[in-house]
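Below: one structure, written as structure tokens.
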Amino acid sequence: MAFPHRLDAPELPDFSLLKRLARDQLIYLLEQLPGKKDLFIEADLMSPLDRIANVSILKQHEVDKLYKVENKPAVSSSEQLCFLVRPRIKNMRYIANLVNADKLSGRTRKYKVIFSPQKFYACEMVLEEEGIYGDVSCDEWAFSLLPLDVDLLSMELPEFFRDYFLEGDQRWINTVAQTLHLLSTLYGPFPNCYGIGRCAKMSHELWRKLEEEEDGETKGRRPEIGHVFLLDRDVDFVTALCSQVVYEGLVDDTFRIKCGSVDFGPEVTSSDRSLKVLLNAEDKVFNEIRNEHFSNVFGFLSQKARNLQTQYDRRRGMDIKQMKNFVSQELKGLKQEHRLLSLHIGACESIMKKKTKQDFQELIKTEHALLEGFSIRESTSYIEEHIDRQVSPIESLRLMCLLSITENGLIPKDYRSLKTQYLQSYGPEHLLTFSNLRRAGLLTEQAPGETLTAMESKVSKLVTDKAAEKITDAFSSLAKRSNFRAISKKLNLIPRVDGEYDLKVPRDMAYVFSGAYVPLSCRIIEQVLERRSWQGLDDVLRLLHCSELAFTGLTKEDKPSSESLRLVLVAFLGGCTFSEISALRFLGREKGYRFIFLTTAVTNSARLMEAMSEVKA
């Protein structure tokens, strides 16, 4: 049923060290402001901070009161104020208003600003403009890696996707490079490095510079992780836009998993209050169903409930000594399992209700048709109906983007028609969102691509083949065409199945999308690991417009152990989905690898669309 790890699977490194490092550094920074102080925390940092240092730890280090950084004036009476914030200009204005208000009232206090994960020059400039640069002390809390699970590390930077892939802002690349440098310092050098995408290439180059500058730190260390793979989110938008059907993905789509935990409402807890639940490998019930296709989960949970009842029923024939042992050794564990089981059954029922209401089966059928390239007219009609019924602005956008990418852009007539219907249905304020989606290559028209093709052919007659290939790449990236159909054929992303696809005993990674589609990102990783290079994938790289953006880096370290060569760190720049995580866990089990996931943030189709939207929910 669940995917147990192979008996010969390599052991994972201990990532709890990252938490201890972050906690110690934060405590050190807080102690630089001796005495009682009030701490102002940005909302985005509250959940990650809770995983690193809870309130009692902060209190031990003389933090008196905690406040949220928001648009309201602060009412702190402390003589020392400490601000823990992301490096954002609006936060600097907030701090400046507070300090200047104190100056006006003739009050003198000590102020300390702690930027996480790093401070930017622009922030210091704002403090200077506001005339308070000399009144505050600034520091960095280099907290850029939060272990959400034994094999999942998150940078908790959801803004990375919009900043880089829409705005072209490269400021977070240094954070990625510093993160990789920290991992190689703690867990030994990475003997093999592969990557694809512009952001991946820049991050790799900057990381290598950092390694050269601090040459000697990892000398002589045995590598614990044999391969690292850097992948840009824009290499594979299709996977991120598909509806998730593995249990963990569905929980994320339905309830929003935030920072490794989820808020289950009264409809799940069967009480009048919500409950915050941590979802990781320590939850034994969740760990067995997280990677499963949703259709298998109910059966598994009901079987588990029957087994639990059998264990409870054993009490009946016990004597006093056996009962004492049962109560002291087993009862607590059974009660905990019972609580978790009822929560996950409640979550499944809630998901089922919502999905039945949304006619989930019809939605999945449309998505599969788009992925396979069949019934495009019917799919377009379904999207139009979705828009006209005003089901959800985010869902409608997602389906339009999926249609656009799988069809290599929309024909002008369809583009104009869908756009007009969308704006009439959901409001003209969404107009800028269409501009964003076009710039990011998520929702495009075919016409510009065709005019470029004519231009390409003229230019290519005048130059050599090698130069022509580079020019074609440049034109293609301008047009942001996806070539999904051709890539899908080359990499066999749509499995050919005789009869029904068996979701109970899956045979390939396509099970994460009901057997209809193998995630492109995961297939690329599989192919490169098989070849140990990009050799033989030239056509795929050309179709992805990444001929110049794929790289292989090898380090001249001591021969890594066969154990470490089966550990693969995959870094998703721009976010990764739980479906991709489940697919790679399956691949690891099949091929004898163990994957570790590093992501700028866990994402899904709704988060992707919200990042592109100019209309905030």
Kindly state which helices (runs of 4 or more DSSP H) lie completely within the range 275-367 and contain at least 3 residues that are at pLDDT 75 or above. 284-289, 294-313, 331-357
Long-range neighbours under 6 Å by Cβ, at least six apart or interchain, first residue free of Cβ contacts under 8 Å to residues at least 60 places away in the same chain and closer than 19 Å to residue 232 by Cβ within the range 177-197, second open to solvent by 10 Å² or more (accessible area, probe 1.4 Å) and assigned to a helix (DSSP H, G or I): 177/206; 177/210
Options 112, 90, 119; residue that is basic (Lys, Arg) and part of a loop (DSSP other than H, G, I, E, B): 119
Can you name every residue in the range 523-545 that is touching a strand residue (DSSP E or B) at 6+ places or on another chain (Cβ under 6 Å) and under 21 Å from residue 593 (Cα atoms)? 525, 528, 533, 534
Could you check, for the range 64-78, whether at least one of its residues is in contact (Cβ under 8 Å) with a residue 12 or more places away in the chain, open to solvent by less than 10 Å² (accessible area, probe 1.4 Å), farther than 26 Å from residue 198 by Cβ and under 32 Å from the mean Cα position of the chain (by Cα)? no
For the range 94-109, the count of residues that are open to solvent by less than 10 Å² (accessible area, probe 1.4 Å) and either assigned to a strand (DSSP E or B) or closer than 24 Å to residue 48 by Cβ (or both) equals 1
Any residue that is open to solvent by less than 60 Å² (accessible area, probe 1.4 Å), among the aliphatic types (A, V, I, L, M), closer than 24 Å to residue 485 by Cα and touching a residue at least 40 places away in the same chain (Cβ under 8 Å) - is there at least one of those in the range 548-568? yes
Of everything in the range 569-593, what is surrounded by fewer than 22 Cβ atoms within 10 Å (Cβ to Cβ) and farther than 21 Å from residue 517 by Cα? Give them in sequence order. 592
Given the conditions (1) open to solvent by 20 Å² or more (accessible area, probe 1.4 Å); (2) closer than 19 Å to residue 236 by Cβ, which single one is not true for residue 524? (1)
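So that you can scan it fast, the table gives a plain yes or no per residue for (1) among the acidic types (Asp, Glu); (2) within 25 Å of residue 282 (Cβ to Cβ):
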| position | (1), (2) |
| --- | --- |
| 13 | no, yes |
| 19 | no, yes |
| 24 | yes, yes |
| 42 | yes, no |
| 47 | no, yes |
| 64 | yes, no |
| 72 | no, no |
| 88 | no, no |
So, in the range 79-93, how many residues would count as being of a type outside the set (S, T, N, Q) and crowded, with 19+ Cβ neighbours inside 10 Å? 8
Selected residue [more than 22 Å from residue 406 (Cα to Cα), out of contact with any Cys (no Cβ under 7 Å at 6 or more places or on another chain) and buried (at least 21 other Cβ atoms within 10 Å of the Cβ)] from 268, 238, 228: 268
Kindly provide the set of residues from the range 122-140 that are outside any loop (DSSP other than H, G, I, E, B), among the acidic types (Asp, Glu) and open to solvent by 60 Å² or more (accessible area, probe 1.4 Å), ordered by number. 128, 129, 140
Can you confirm whether residue 419 is in a helix (DSSP H, G or I), modelled with pLDDT of 95 or more and open to solvent by 40 Å² or more (accessible area, probe 1.4 Å)? yes
Where a residue in the range 106-132 is small (Gly, Ala, Ser) and its partner, wherever it lies, is open to solvent by less than 70 Å² (accessible area, probe 1.4 Å) and assigned to a loop (DSSP other than H, G, I, E, B), with Cβ under 6 Å and at least six apart: 116/141; 116/143
Would you be able to tell me the number of residues in the range 527-540 that are in a helix (DSSP H, G or I) and open to solvent by 10 Å² or more (accessible area, probe 1.4 Å)? 6
Inspect all residues belonging to the range 141-159 and state whether any of them is in a helix (DSSP H, G or I) and in the same structural domain as residue 583 (by the TED database). yes
Condition met for residue 504 (open to solvent by 70 Å² or more (accessible area, probe 1.4 Å), farther than 29 Å from residue 295 by Cβ and at pLDDT below 90): no
Taking the range 91-120 and keeping only residues that are under 19 Å from residue 156 (Cα atoms) and basic (Lys, Arg), one is left with 119
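The values are calculated or read from the model by the stated rules, or taken from the named source; none is laboratory data. Because the structure is a prediction, the values reported are computed rather than measured. Cβ sites come from the backbone with ideal geometry, for glycine too, and all protein chains shown count toward neighbours. Side chains are part of the model used for accessible areas, which takes the heavy atoms of the whole protein and leaves out ligands, DNA and RNA. Shrake-Rupley method; radii C 1.70, N 1.55, O 1.52, S 1.80 Å.
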